[in-house]
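Working notes, structure below.
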């Protein structure tokens with residue numbers, strides 16, 4: 001699903017990156033590879049480097065990547081497998097018309113046909129450009145914005161449908177801030193980002209030149225785009241502010257929306273997108289007020305420049321080599337520190353999956369899914385939930401009233417493993433071999449209509465937000481569900497040949513991570529039915545907030561690169577989930593040993609030690625500085641090394657397993673250690 005703004009709200013707890021996985025028969029993977037260890041480092045001082053140090057020393061970050069680690073390694077393998085599927089389909093131009101196989105094959109083939117892409121230039125966008133050129137007055141803005149939203153361009157604001165925070169059985173329309181292309185609001189105003197801003201403005205000007213504008217015209221148009229984006233950014237909520245669901249839940253009638261943004265023709269807008277509503281939930285009312293002011297102070301020529309920029313910027317990777325390369329120079333190299341683009345087949349494969357993920361997923365499952373792994377993971381979920389129940393019951397900072405509600409929520413959690421029971425239908429989506437960018441826009445139109453058609457209809461509780469070939473997992477607070485796609489059930493996360501200690505330290509901690517998202521600072525605001533509703537006593541919530549504030553303070557001391565620190569508030573939910581998930585997994589592992597012989601040492605490590613090694617090796621990763629700066633500014637996850645060190649430094653179980661004592665670098669005084677769940 002391309003509506004990533006909507007997804008980020010629904011799926012507040014994921015593991016890390018959305019990556020696919022290589023299926024098929026693999027050689028047995030060692031549960032722990034000690035050749036990756038750096039034993040010149042004491043585990044009591046830096047456990048991340050102790051477990052992963054030699055790998056970090058030897059591993060070069062590929063020039064086409066800003067970061068490299070376990071997820072990337074699996075993704076690299078997976079793409080080869082999925083490439084075989086789509087390449088096979090692309091080699092058959094006479095597949096049954098409007099079959100999923102035809103759609104996948106033709107989409108991929110159109111993206112690989114570089115000669116046609118160069119020959120066509122910008123001509124496939126002619127109709128979209130004409131819509132912009134026809135704009136004559138501010139009265140016509142609504143029609144242009146509507147058209148750009150139908151092809152899912154992030155122009156001015158975003159509209160989407162998802163479950164109502166306070167009535168989780170129904171989908172409702174939402175309007176959210178959007179319209180800017182730098183990664184986060186801070187990029188527009190932070191003095192430390194001045195160089196990036198200058199490079200961005202130069203990039204916009206170059207893109208207008210590539211559209212065919214004269215030099216002075218390109219300069220003027222770039223200035224217009226910058227003016228509009230800065231004004232929009234000025235009224236946006238920051239990433240931390242948006243983490244509070246209650247702040248972004250503002251139901252409004254259409255008349256109310258018209259009253260705060262009267263300069264925009266909302267009737268024409270809703271007519272343009274093809275959907276009518278009586279009420280919409282507005283994420284940021286102040287943003288719409290700013291948009292209203294912007295309409296009054298912005299010339300039509302400036303709006304035309306902005307909409308042209310949105311069109312070409314959003315489709316750049318599907319256009320000519322010169323446009324795609326200029327787009328990459330800024331967003332890939334300047335922002336991400338990546339010096340080379342990925343091979344074309346990888347880039348096209350990513351776009352094809354974005355458009356037809358379930359169609360590819362269905363082929364993947366037919367060929368590669370293991371029901372045995374699903375059964376074993378299901379047992380692990382049982383053990384994690386049982387361990388969680390015991391932990392909740394023994395929390396001395398919670399009253400029985402809140403514990404009862406927490407247990408109700410825990411036992412109401414829906415689990416989804418492997419893949420959805422019903423595949424998404426692509427009926428009505430036309431894909432041809434005529435134009436890559438046209439296929440992309442056709443898919444976007446289809447997705448927009450599909451997303452918006454859900455508004456004011458019951459939520460499909462069986463729907464998945466990830467494809468089965470995705471290496472990730474998530475918790476959805478409005479359904480109160482944990483979801484584990486098939487692809488996550490592989491080494492090093494789940495290894496059928498590994499001892500339970502390693503599997504619980506890796507896969508068990510992932511399960512615990514997602515369960516804990518139901519009880520982190522965001523998820524804990526939703527009840528067992530998925531509604532935004534307070535189920536805490538005031539004192540219990542104060543106790544919870546005091547503990548999580550300690551965790552925020554701890555992570556904010558970590559330096560990612562230079563003067564850029566981890567944002568403990570932005571990463572709060574993920575840090576709570578990592579700490580809680582690892583803790584619950586440890587006690588679930590201990591629970592699984594009841595009645596069994598004490599595990600013997602393997603590779604010289606006790607079972608408890610192997611549990612923590614399993615956790616650390618799953619976050620094996622290195623990143624360049626630009627990627628890291630972007631991450632701490634925008635990503636709700638902490639950098640990999642702190643995801644390992646942060647939780648471990650708070651767990652007495654780790655101290656016991658590795659004999660951590662005062663004076664060791666990972667040692668924290670007992671009163672400074674955070675234990676939430």
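The numbers here are math on the coordinates, done by the rules we state, and not lab data. Predicted, not measured: the structure shown is a model, and the values here were computed from it. Glycine gets a Cβ as well: all are built from the backbone with ideal geometry, and neighbour counts include every protein chain shown.
Taking the longest Cα principal axis of the chain as reference, the axis of helix 625-634 is set at about 90 degrees. From the largest down, segment 502-591 spans 44, 37, 20 angstrom on the principal axes of its Cα atoms.
Using alpha-carbon pairs under 8 Å, 6+ residues apart, how would you state the relative contact order of segment 65-181 in percent?
Values: 81 pairs, mean separation 14.6, N = 117.
With pairs under 8 Å counted, the relative contact order is 12 percent.
Only helices enter this figure: runs of n ≥ 4 DSSP H residues, each worth -39500 (n - 2.57), summed and divided by the residues of the chain, yield -15500 deg cm²/dmol at 222 nm to the nearest 500.
Taking every Cα-Cα distance in segment 294-419 and sorting them into 10 Å bins from zero, the calculated P(r) comes out as 9, 20, 17, 18, 21, 14, 1 percent.
Of all the C-alpha pairs in segment 122-318, what % are more than 32 Å from each other?
On the way: 3001 of 19306 pairs.
For segment 122-318, the share of Cα pairs beyond 32 Å comes to 16 percent.
Could you give log10 I(q)/I(0) at q = 0.22 Å⁻¹ for segment 77-181, computed by the Debye formula over C-alpha point scatterers of equal weight, without solvent? The calculated log intensity ratios at q = 0.22 Å⁻¹ are -1.06.
Most exposed first by the Cβ proxy, i.e. fewest other Cβ within 10 Å, how do 578, 538, 434 rank? Intermediate results must be reported in sequence, preceding the final value.
Values: 578 29, 538 8, 434 13.
Placing the least packed residue first, the sequence is 538, 434, 578.
Against the main long axis of the alpha-carbon atoms of the chain, helix 400-412 sits at an angle near 70°. Take the Cα of residue 194, step 7 Å toward its Cβ, do the same at residue 88, and the gap between the two points is 5.7 nm. Give the angle, between 0 and 90 degrees and rounded to the nearest 10, that separates the Cα long axis of helix 141-150 from the longest principal axis of the Cα atoms of the chain. Roughly 50 degrees, rounded to the nearest 10.
Express the relative contact order of segment 122-318 as a whole percentage, based on alpha carbon pairs under 8 Å and six or more residues apart in sequence.
Working: 239 pairs, mean separation 60.5, N = 197.
The value is 31 percent.
Relative contact order, whole percent, for the chain stands at 23, derived from Cα pairs under 8 Å and 6 or more residues apart. Against the set (1) 26.7, 84; (2) 25.2, 80; (3) 29.4, 104, the structure's computed Rg and Dmax of the Cα atoms in Å falls on (2).
Spin-label model, residue 322/residue 497: points 7 Å from Cα along the beta carbon direction are separated by 5.3 nm.
Quick note on segment 369-460: its Rg to Rh ratio, both from C-alpha atoms and Rh being the Kirkwood radius, is 1.21. Note on residue 372 and residue 202: the extension gain reaches 55.8 nm, defined as 0.36 nm multiplied by sequence separation minus the Cα-Cα distance. I want to verify the translational diffusion coefficient of segment 549-591 in µm²/s; compute it with Stokes-Einstein, Rh as the Kirkwood radius over Cα pairs, at 10 °C and 1.306 mPa s. Roughly 140 µm²/s, to the nearest whole number.
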